[in-house]
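Structure, as structure tokens:
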Amino acid sequence: MTTARQPNRLGEGGLIDRSQTVRFEFDGAPLAGHPGDTLASALLANGIRLVGRSFKYHRPRGILTAGSEEPSALVELRTGARREPNTRATMIELYDGLSAASQNRWPSVKFDVLAANQLFGPIFSAGFYYKTFMWPPTFWEKVYEPMIRRAAGLGRGAGVADPDHYEKAYAFCDVLVVGSGPAGLAATLAAARSGARVILCEEDFRLGGRLLAERYEIDGKPARDWVETVEAELEAQPECRILRRTTVQGVYDGGTYAALERVNDHVLKPLAHEPRQRLWRIVAKRVVVCAGALERPIVFGNNDRPGVMLAGAVRSYVNRFGLAPGRRAVIFADNDDAFRTASDLAQAGIEIAAAVDGRRTPSRAAQEAAEAAGARYRAVAVIERVRGLHGVKGVEIRDEKGRERMACDLIAVSGGWNPTLHLTTHLNAKPQWNDRLAALVPGALPPGMSVAGAARGTYGLAACLAEGEEAGAKAASECGFAASASRPRASDESVTASPLWQVAESKGKAFIDFQNDVAVSDVKLAACEGFRIPEHLKRYTTLGMATDQGKTGNANGAAVLAAVTGRYIGAVGTTTFRPPYTPVAISAFAGHHRGPDFRPARLAASHGFAEEQGAVFVETGPWLRALYYPKPGEEPQDSVNREVATVRGQAGVCDVSTLGKIDVQGKDASIFLDRVYANTFSTLPVGKARYGLMLREDGFVLDDGTTARLAEDHYFMTTTTVNAVKVMQHLEFCQQALWPELDVQTVSVTEQWAQFAVAGPRARDVLQGVVDPAYDLSNAAFPYLACGEVTVAGGVPARLYRLSFSGELAYEIGVPARFGEALIRAIMEAGAPFGLAPYGTEALGVLRIEKGHPAGGELNGQTTAHDLGFGKMLSTKKDFIGRFMAAREALTDPLRPTLVGLRPLAREDRVRAGAHLIPKDKEATARNDQGYVTSIAFSPSLGHWLGLGLLSRGPERHGEIVRAYDHVRGGDILVEVRPPCFIDPEGERVRG
Amino acid sequence: MRIRCPYCGERALEEFTYRGDATVRRPDSLDPGAAQAWVDYVYLRDNPAGLHKEYWHHSAGCHAWLVVTRNMSTHEIVAVEFAEKGASK
């Protein structure tokens, strides 16, 4: 037993396992707790109540709550790469080896240098960012901001990659129940008994909600027994799933809910292959929100001192965690519910100095509760100030008779409860002010949602049980399941309240928002300056920002704002609650989509072959393609130069399987292609291929590619790699939405065909060793742009196309994808005697730039057919997508930048992509800008750099010298404007 | 958001790709007088606070183009039809 080392642990009671000790560390000090503890409860049991320093003023802060709404007790959890800042001590389940540290203090939490900020309180008032550091303007970035960032801010991130992994999971159910307090358990039980598929999400690691923290009875037995009975029954229901440590974070359209499960935050590190956290997407036909209520503090002088704790949290620590959060307590509240704390404190042997009732009229129920516990009841009284710096040492109480000082070390405070209605407003419903409850309650609910229990403003235990059961049964029956009632017996406690909100005569700083150090004075100042709407107040004062989003502060903020501006609190309104309900790590949203796994990589058929050859790969669209194939001792540029030279001199092979491939069939296939391409395909003979240009309906170029006609009613289209999906979607739209009357079908066959380009003067010789001898590849039998079906390697079906992107004699050969790897090996073998080598996308790019073919840099979504020199391809005889708009005057204006080739005047100069084209003797200004460089390459064939570009009146200016001005990289060279094609402009080679 | 595809049943939003207004009709591209109609077709879109018809593509499913009638204020989906039937004439 090590309880002796936990000075504030009670001798008995609580839902902790006293037979086991859990060892942990806080600020380097070794401490002990028990299974069932949170970090907050273990710290309190060890007598530690000062756990951090506040955001702006570095004021000492302790533990205010026992739940996820905690604004103050934020710590750094874990160390090294797993360090997590701003973690709420109340939500950390204690485990052996846990290490945590206080934040925002230097050198120690007890002695903090920047606590001097308190002396400069006036500087840090509302809107101080906007006012104080205005002059001189240049000081903001260099002096003020770094200074503020050092002084403010809370915990430190790990600074290195998170070693753990996170996953996403999907679930579907009839009824989702949020929260497992009395209403939630009753709802789950009713729904589960009907046979409906039910998911119960509980934020805590233990079911029961407030029942764990109170000494209620249900069916004549302690409420905790009822919780265990219900839990056992639910566990036995095959269609009921209980997700503990799971917070429902958001509500989305169509009955979709996001929930974060903290799978392994309660162990030292996740087991191998287990995620740290799991982000659930739950689709539910009905949801019953039983999220309970959040207690709010009262605003009074120095109400942020460690030892000031919400009354409900005090009961949690005493009853659930078996510890004494103080030795001598004062209860300060404005509702009967809070005075029940007196009896729990008394039973735990904690002295009660006074029960201070802030209401204007005394309450008999409160008085009886206090006096039954031996506490002095002080009616119509308030705490004006708390004494003590690092913790509560006493209070100054004032009532009608006068002031009194009193020693105490714990203040159990309650300003009433706010229904936890966040989930009801995520789809834009507005909460409504309820005067009787002095709180916002759910307004109109989204489809499929019901609310039961305290979340709806129903506070009595019996009422919560009944309402929960009814809501669960109704939800199940709406899903088609018959539910019956069991009605657990319980009684309703008195919850009469009359809100005090704030002690107007407070001495010292009176805080509304503990996390952001927003005090009454800040709200007053903001209101004075015109920030009278909660949304404005939030931005100006930071009230309700950061990890707790004002869960304990917003209601008091609205009340103070109402008082200052002389308005009815119900008319003040509220800020909008948005998901997530509690902070969610970005890693959880990312799941496994991190780094190279951000999206799946698609691998071409020859990938294994290319890997063997030592290829360097590059991402193109969703694909990984070989960029170049280095040989030993080669620099990257050497490899590319060699590959280009091999294609121009002998032959090369390149995997072009990644091009989009679309099979188009049907009686009306040629009409369809005529309408989607700007040029004509109905006139294409069977056995021929043609370059095609597709426009968008606004007249700009969408994509290009070659399409082959395999039969009267059968075409095979290719698209660029990057636009494959977009073009497929476009064709499907045209076919289904625009012209459903056409008899045509399209299907993507990109994955079905492996396709290789074999290019170079020896390409025919190479292919003759691959294609079966029955097929005649001679120029006469299979000329440029021919296509047809052949067989390879003794009978494997293949399609052969005589196409050239490189400007050389070239073919593309396609086989069913499963033969792709075998085919490239066969091509390599057949090509060996002719000096064939594989080439990558870099060489492919150089070859096409030398030939002046437009590609990605030119097909950039801003160019027209005219810009690319394809104006004559636009058919005038037929309707096609983009026809009308492409003919607009501005799109055919010769002033538009048009495709040209660019050659550096000094041959050693390097042309840079993105450089602007400026007339030779003009200044490099926007006014003189006449175009830009779109693609560049070092041409091994010509021995210098060259480029393609878009230049105003380009075709008329061949031979002119212009400046290529690169402002970003400081380049400024002269280039000669040329026709885009640098190699074999007559095209003799492709026809050879 | 969830869309009930007539082929595949109710599926999550990320299976679909949005295109936009399904109430516009493609004018005749051979009619020289249709300039204003073309500008409207290509560029002008209504964004009503209420029911609207939109094109959605079941891109991670059956590849059907759908016309979804949706309340732009509440996101409630009132009807889902195949594009060839659903576009307003």
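Since every read-out is calculated from the coordinates, none of them should be taken as a lab result. As the structure is a prediction and not an experimental result, all values here were calculated from the model. Backbone-built Cβ (ideal geometry, glycine too); neighbour counts: all protein chains shown.
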Measuring from centroid to centroid over Cα atoms, what is the spacing of the range B:1-64 and the range A:640-654 in Å? 46
Which Rg and Dmax, in Å, describe the Cα atoms of the range A:560-645? 28.2, 84
Applying the gyration tensor rule to the Cα atoms of the range A:411-542 (axes a ≥ b ≥ c; rounded if a/c under 1.5, else prolate if a/b exceeds b/c, else oblate), the class is oblate
Specify which residue in the list A:Leu50, A:Ser491, A:Ala32 is farthest towards the positive end of the charge dipole of the protein assembly as shown, using unit charges on the beta carbon of Lys, Arg (+1) and Asp, Glu (-1), about the Cα centre. A:Leu50
A:Thr458 long-range amide H proximity, modeled H, under 5 Å: A:Gly453
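Rounded to the nearest 5, what % of DSSP beta bridges with both residues in chain A are antiparallel? Before the final figure, lay out each step's value.
Numbers: 129 of 177 bridges.
Here the share of antiparallel DSSP bridges comes out near 75 percent.
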Bins of 5 Å, starting at 0 and running to the largest distance - Cα pair percent for the range A:172-278: 2, 12, 20, 20, 19, 14, 8, 3, 1, 0
Tell me, A:Val143, A:Val392 in order of fewest to most beta-carbon neighbours within 10 Å? A:Val143, A:Val392
Take every residue in peptide B:37-45, count the Cβ atoms of other chains within 10 Å of its Cβ, and give the average of those counts. 3
Excluding A:Leu561 itself, what net charge comes from residues whose Cβ is under 13 Å from its Cβ, given Lys and Arg +1 and Asp and Glu -1? 0
Give the order of A:Lys538, A:Lys877 when sorted by the count of other beta carbons within 10 angstrom, beginning with the fewest. A:Lys877, A:Lys538
Run a plain Debye calculation on chain B (Cα atoms as equal point scatterers, no solvent) and give log10 I(q)/I(0) at q = 0.12 Å⁻¹, rounded to two decimals, same order as the q list. -0.40
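Once you average over the residues of A:396-409, how many Cβ atoms of partner chains fall within 10 Å of each Cβ?
What the average comes to for A:396-409 is 0.
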Run the dipole for the range A:36-99 about the Cα centre, Lys and Arg Cβ at +1, Asp and Glu Cβ at -1, nothing else charged, and hand back the magnitude in debye, nearest 20. 400
Full-stretch length increase - A:Asp921, A:Ala793 - with 0.36 nm per residue and alpha-carbon distance subtracted: 39.9 nm
Whole-Å semi-axes of the range A:723-820's equivalent ellipsoid (Cα gyration tensor): 31, 15, 13
Give the value in nm², to one decimal: projected area of the alpha carbon convex hull of the range A:686-727, averaged over all directions. 3.3
Evaluate peptide A:729-741: per residue, the Cβ atoms of other protein chains within 10 Å of its Cβ; return the mean as an integer. 5
Counting only residues 5 or more apart in sequence or on a different chain, those whose built amide H sits under 5 Å from that of A:Asp972 are A:Asp966
Sort the following peptides by mean Cβ neighbour count (other Cβ atoms within 10 Å, averaged over residues), highest first: A:643-653, A:419-429, A:709-719. A:643-653, A:419-429, A:709-719
Name the shape class, rounded, prolate or oblate, that the alpha-carbon gyration tensor gives for the range A:419-486, where a ≥ b ≥ c are the square roots of its eigenvalues, rounded holds for a/c under 1.5, and otherwise prolate holds if a/b is larger than b/c and oblate otherwise. oblate
Compute the distance from the alpha-carbon center of the range A:719-735 to that of the range A:687-708, in whole Å. 11
Taking the alpha-carbon distance from A:Lys507 and a cut-off under 18 Å, which lysines remain once sequence neighbours fewer than 8 residues away in the same chain are dropped? A:Lys393, A:Lys524
Within straight cross-link reach of A:Lys872, meaning Cα distance under 29 Å, which lysines are found once same-chain residues fewer than 8 apart are removed? A:Lys661, A:Lys667, A:Lys688, A:Lys726, A:Lys851
Under a point-charge model restricted to the Cβ atoms of Lys and Arg (+1) and Asp and Glu (-1), what is the dipole moment magnitude of chain B relative to its Cα centre, in debye to the nearest 20? 140
Whole-angstrom gap from the range A:831-854 to the range A:349-401, using each part's C-alpha centre: 87
The size of the Cβ-based charge dipole (Lys, Arg +1; Asp, Glu -1) of the protein assembly as shown about the Cα centre, to the nearest 20 debye, is 2740
Using the per-residue mean of other Cβ atoms lying within 10 Å as a proxy for protection, in what order, highest first, do the peptides A:854-861, A:158-165 fall? A:854-861, A:158-165
So what's the Cα pair-distance distribution over the range A:511-616, bin width 10 Å, in %? 13, 32, 15, 10, 9, 9, 8, 2
Take the range A:286-376, compute every pairwise Cα distance, and split them into 5 Å bins from 0; I just need the percent in each bin. 2, 14, 24, 23, 18, 9, 4, 2, 2, 0
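Given Cα pairs under 8 Å that are at least 6 residues apart, what percent is the relative contact order of chain A? Intermediate results must be reported in sequence, preceding the final value.
Values: 2406 pairs, mean separation 88.0, N = 992.
About 9 percent, as a whole number.
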Using the Karplus curve 6.51 cos²θ - 1.76 cosθ + 1.60 with θ = phi - 60°, what ³J(HN,Hα) values do you get for each residue of the range A:370-378, in whole Hz, with x for Gly and Pro? 5, 6, 4, 8, x, 9, 7, 8, 10
Expressed in µm² per second, the diffusion coefficient of the range A:347-493 from the Stokes-Einstein equation, with Rh the Kirkwood radius over alpha carbon pairs, at 10 °C and 1.306 mPa s, is 84
May I have the convex hull volume per residue, in Å³, for the Cα set of the protein assembly as shown? 219
What number do you get for the range A:567-704 when its Cα radius of gyration is normalised by 2.2 N^0.38 Å, N = residues? 1.81
If you take the square roots of the eigenvalues of the alpha-carbon gyration tensor of the range A:710-754 and sort them as a ≥ b ≥ c, do you get rounded (a/c under 1.5), prolate (a/b over b/c) or oblate? oblate
Only helical DSSP H runs with n ≥ 4 go in: add -39500 (n - 2.57) per run for the protein assembly as shown, normalise by residue count and round the 222 nm mean residue ellipticity to 500 deg cm²/dmol. -5500 deg cm²/dmol
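Fewest first, what order do A:Trp433, A:Trp623 take by the number of other Cβ atoms within 10 Å?
In order of increasing Cβ crowding within 10 Å: A:Trp433, A:Trp623.
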